[in-house]
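One structure below.
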Amino acid sequence: MSQVLRHLPKIQDENLIVGLDTADDAAVYKINEDLAIIQTLDFFTPVVDDPYTFGQIAAANSLSDIYAMGGEPKLCMNIVCFPDCLNPEILTEILKGGFDKVKESGALLVGGHSVSDDEPKYGLSITGFVNPKKVLTNSNAKVGDVLIITKPLGLGIINTAIKGEIADAETYKIAVEVMTTLNKFGKEAIEGIVGVNSVTDITGFGLLGHALEMAEGSDVTININYKSIPLIKNSLEYARMGLVPAGTYANKTHIGDKVLFEENVPEDIKDVLYDPQTSGGLMISVSKEDSKQVLERLKSSRLPYGIIGEVQKYEKNFINVK
């Protein structure tokens, strides 16, 4: 999509704080000195069979962009594509799942739009609020920062195993918990911390794709320590079995020439790092000193988290994995 959008005319507006220029998570528009609105939209096809759970996952994924910008979601509208041949009760359950997750976020679900389609799709258009002086972007990482992620990786691979009916019950349960957990807890962990410089959520471009956007936007090199990355149970095993989604290969093709791997990095790890995530966690670039406070706040999280790398002055490559 970013390759297509770059052909559109540049938008000039003094109140547009974040637009198309940095491939960021959402748009931000300044209303006055104390208020800016964040606007985002996301929807996709089911990743699990249970319609209620799918609704929760899709809503959590959509809400994530607001949290990644440092904002609070306020108004949500459903985006629905649904086949005429399916039982309407399935759609009811999808919408119930979305409603409950929006309610958990503290936002209001106020309507939406639906169309008939061959395959179900669901998500949200969301308006959030943020102080214009406190907007977080994916293009402000500073040399000396460390990188923290707030959820484990491997969701695309696990979802492929789920669709193939290979994932065991425990792995399925863990993946659903990761995908339905709001990034609200990650946003609260960084609230008010001055040393938080850049944030993005890890979704369809995988860890490496979103790290690359941050590195390019900030004109820095990001070093990732693959041994420090929290992973969902069985994600490496399933990767070795070939249960790798097509999006992983698309990400490799798209950005592979900008990523340098040390020779000792295993192929299954590379698959996980390129793996497209559904409702993944936040990636936070924060000063080393203030990272301790972020990690302390994340202790209440039910999910694995941790420091996975560091930011240095740009040298030859945007991303190094070792």
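Below are the figures for this structure:
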| quantity | calculated |
| --- | --- |
| Neighbour cut-off at most 11 other Cβ (10 Å), DSSP loop, trypsin sites (Lys or Arg not before Pro), the range 247-315 | R302 |
| Net charge of Cβ neighbours under 15 Å - reference L231; Lys, Arg +1; Asp, Glu -1 | -2 |
| Calculated P(r) of the range 40-192 - Cα pairs past 18 Å, % | 60 |
| Cα centre as origin, Lys/Arg/Asp/Glu Cβ charges: the chain dipole, Debye | 700 |
| Dipole moment magnitude, nearest 20 debye, the range 78-155 about Cα centre, only Lys, Arg, Asp, Glu C-beta charged | 700 |
| Extended-chain gain in nm, criterion 0.36 nm per residue less alpha-carbon gap, F129 and L20 | 37.3 nm |
| Order of L35, L124, L91 under a 10 Å beta carbon neighbour criterion, fewest first | L35, L91, L124 |
| log10 of Debye I(q)/I(0), alpha-carbon scatterers only, for the range 222-322 at 0.16 Å⁻¹ | -0.82 |
| Ranked T221, T253, criterion: other C-beta atoms within 10 Å, fewest first | T253, T221 |
| FRET efficiency, 1/(1 + (r/R0)^6) with R0 30 Å, evaluated for F99 and D168 via beta carbons | 0.50 |
| Stokes-Einstein D for the range 278-322, Kirkwood Rh over Cα pairs, 10 °C, 1.306 mPa s (µm²/s) | 125 |
| Distance in nm between pseudo-label sites at V115 and Q12 (7 Å out along the Cβ direction from Cα) | 3.3 |
| Förster-model FRET efficiency, 45 Å R0, E267 and L108, C-beta, rounded to 0.05 | 0.45 |
| Rg(Cα) / (2.2 N^0.38 Å) computed for the range 145-321, rounded to two decimals | 0.98 |
| Above-threshold pairs, the threshold being 24 Å between Cα atoms, out of K101/K133; K142/K316; K134/K322; K163/K252 | K101/K133; K134/K322 |
| Whole-number percent relative contact order across the chain, with pairs defined as alpha carbons under 8 Å at least 6 apart | 24 |
| Kirkwood Rh in Å, taken over all unlike Cα pairs in the chain | 19.9 |
| Cβ-based exposure ranking for H254, H7, H113, in which fewest neighbours within 10 Å come first | H7, H113, H254 |
| Cα pair distances of the range 3-129 binned at 10 Å [whole percent] | 13, 39, 30, 15, 3, 0 |
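Every read-out reported here was derived from the displayed coordinates using simple, explicitly stated rules and does not represent laboratory data. In this text, all values refer to a predicted model and were calculated from it rather than measured experimentally. Neighbour counts run over all protein chains shown; Cβ positions are idealised from the backbone, glycine included.
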